[in-house]
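Visitor: Handing you a structure now.
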Amino acid sequence: MKLFETYQMKNMTLRNRIVMPPMCMYQATSDGFPTLFHLCHYATRAMGGAGLIIVESTAVTPEGRISDNDLGLWNDDQIAGMKRVADVIHANGAKAALQLNHAGRKSRSASGGPFAPSAIPFDENSRVPGELTERRILALTEAFRQAAQRADQAGFDALEIHAAHGYLLHEFLSPLTNRRTDGYGGTLENRVRFLREVLTAARGAWPADKPLWLRVSACDYQECGIDGGMMSEMIRQIKPLVDCVHASSGGLLPVKVSDYPGYQVQFAEELRRECGIPTIAVGLITDEKMAEEILENGRADLIALGRELLRNPYWPINVAAKYGLDDFIPESYRRAYAKP
Ligand SMILES: Cc1cc2nc3c(=O)[nH]c(=O)nc-3n(C[C@H](O)[C@H](O)[C@H](O)COP(=O)(O)O)c2cc1C
């Protein structure tokens, strides 16, 4: 089964193609440190057999948190705790990636902000964000660079820059939330500029042989917003800086998205085909036959299962056992799968 074949990206070799996508658990301490919850939570998914675990949205500045219980890597004291998270993932055979984020106008943190490219709130219940000055934009680029360096020191194998779901980088990319008239707004090239600067800075602090990729929302589900074609054009602009694209959608606006099994696979497929770049497919994929179809038909390179792995952390080894791939079952658990 292709789902259980190894996958190589730079110097990272995955034992299979199953990915746990980043999912905020809101269990960090108020100063951004992981807790025992994180160690158990991530260790369990690694024991369950996922090939790659992308640790949840981790803030590059305190006011860049989605909530005040998000993980953070904005200072050196936070490295040791994050290293323990990477260590428990490694100890159970998976590779560990970390998602770096700034929540922009969607931050609910009490520690300042929120900030955005333009002073447009998310909805009527949200705070009006302050428009970022160029000086602050440069400071945030530096915050991403430093956080990337700390993620490397913490032992992560890969880095995912969060440019999806209506957070800061996505807000710069979309013409619906970026109304700037300076060099960071207007044309598509200008709207991509902050992302390019962040990626360049992160690359500078991140080892060249470790993968670094991007999570994007390939559709804003609104007229004049981002769609697959516009996102392909944006990815082409920064392609030399990324090894892969994790294709999600939505989150920029309070609009209802109609979801159904595999509803975002089309974006992973389009970006892979149009930009010639590896992609991760995600979004209501819960069935191994669907995962296999996506891989076999070359629509994506890796398959992420979010809520399914929250419900069922042992999904990968249970599927492996069903297809007789007993090598994927951890030695200590094999008696539980032995035929009577
Ligand atoms: C509890 C929860 C927290 C999430 N947190 C994040 C996050 O930190 N970063 C992110 O990019 N996406 C986040 N997501 C989105 C997931 O990564 C994933 O894209 C989404 O759940 C769709 O995949 P699924 O249908 O397999 O669950 C979160 C989703 C859930 C359910």
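Visitor: What's the total number of residues in the stretch 298-320 that are within 17 Å of T6 (Cα to Cα), of a type outside the set (V, I, T) and out of contact with any strand residue (DSSP E or B) (no Cβ under 8 Å at 6 or more places or on another chain)?
Guide: Qualifying residue count for the region: 2.
Visitor: Can you name every residue in the stretch 117-146 that is within 23 Å of the chain's Cα centre (by Cα) and either under 18 Å from D68 (Cα atoms) or part of a helix (DSSP H, G or I) (or both)?
Guide: I137, L138, A139, L140, T141, E142, A143, F144, R145, Q146
Visitor: Could you check F328 against (1) free of Cβ contacts under 8 Å to residues at least 60 places away in the same chain; (2) in contact with a Gly (Cβ under 6 Å, 6 or more places away or on another chain) and say which number it fails?
Guide: (1)
Visitor: Restricting attention to the stretch 236-267, and to residues there that are among the polar types (S, T, N, Q) and not in a loop (DSSP other than H, G, I, E, B), which single residue is nearest to K10 (Cα to Cα)?
Guide: Q237
Visitor: Still on this structure: From the residues in the stretch 1-43 that are among the β-branched types (V, I, T) and away from the ligand (no atom under 15 Å from the Cβ), which one is surrounded by the most Cβ atoms within 10 Å (Cβ to Cβ)?
Guide: Once the filter is applied, the top-ranked residue is T35.
Visitor: Output the residue which, of all residues in the stretch 232-255 that are over 24 Å from P121 (Cα atoms) and in contact with a strand residue (DSSP E or B) (Cβ under 7 Å, 6 or more places away or on another chain), is surrounded by the fewest Cβ atoms within 10 Å (Cβ to Cβ).
Guide: Looking at the filtered set, the residue picked out is D243.
Visitor: Would you be able to say whether some residue in the stretch 72-84 is crowded, with 16+ Cβ neighbours inside 10 Å, within 16 Å of the ligand (Cβ to nearest atom) and in a loop (DSSP other than H, G, I, E, B)?
Guide: Yes, because at least one residue in the stretch 72-84 is crowded, with 16+ Cβ neighbours inside 10 Å, within 16 Å of the ligand (Cβ to nearest atom) and in a loop (DSSP other than H, G, I, E, B).
Visitor: Is it true that some residue in the stretch 186-200 is assigned to a loop (DSSP other than H, G, I, E, B), free of Cβ contacts under 8 Å to residues at least 40 places away in the same chain, more than 27 Å from A151 (Cβ to Cβ) and away from the ligand (no atom under 15 Å from the Cβ)?
Guide: There is at least one residue in the stretch 186-200 that is assigned to a loop (DSSP other than H, G, I, E, B), free of Cβ contacts under 8 Å to residues at least 40 places away in the same chain, more than 27 Å from A151 (Cβ to Cβ) and away from the ligand (no atom under 15 Å from the Cβ).
So that you can scan it fast, the table gives a plain yes or no per residue for (1) buried (at least 20 other Cβ atoms within 10 Å of the Cβ); (2) of a type in the set (A, V, I, L, M):
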{"residue": "I277", "(1), (2)": "no, yes"}
{"residue": "V282", "(1), (2)": "yes, yes"}
{"residue": "E292", "(1), (2)": "no, no"}
{"residue": "I303", "(1), (2)": "yes, yes"}
{"residue": "G306", "(1), (2)": "no, no"}
{"residue": "L310", "(1), (2)": "no, yes"}
{"residue": "W315", "(1), (2)": "yes, no"}
{"residue": "K322", "(1), (2)": "no, no"}
{"residue": "L325", "(1), (2)": "no, yes"}
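Visitor: Among the residues in the stretch 288-303, are any within 12 Å of the ligand (Cβ to nearest atom) and part of a loop (DSSP other than H, G, I, E, B)?
Guide: Within the stretch 288-303, none of the residues are within 12 Å of the ligand (Cβ to nearest atom) and part of a loop (DSSP other than H, G, I, E, B).
Visitor: Considering every residue within the stretch 45-53, establish whether at least one is within 28 Å of E288 (Cβ to Cβ), without any contact (Cβ under 8 Å) to a residue 60 or more places away in the chain and not in a loop (DSSP other than H, G, I, E, B).
Guide: Checking the stretch 45-53: at least one residue is within 28 Å of E288 (Cβ to Cβ), without any contact (Cβ under 8 Å) to a residue 60 or more places away in the chain and not in a loop (DSSP other than H, G, I, E, B).
No value in this document is a laboratory result; all are computed from the given coordinates. Note that the coordinates shown come from a computational prediction; the quantities given were computed from them, not determined experimentally. Counting neighbours? That spans all protein chains shown, and the Cβs are built from the backbone with ideal geometry, glycine included.
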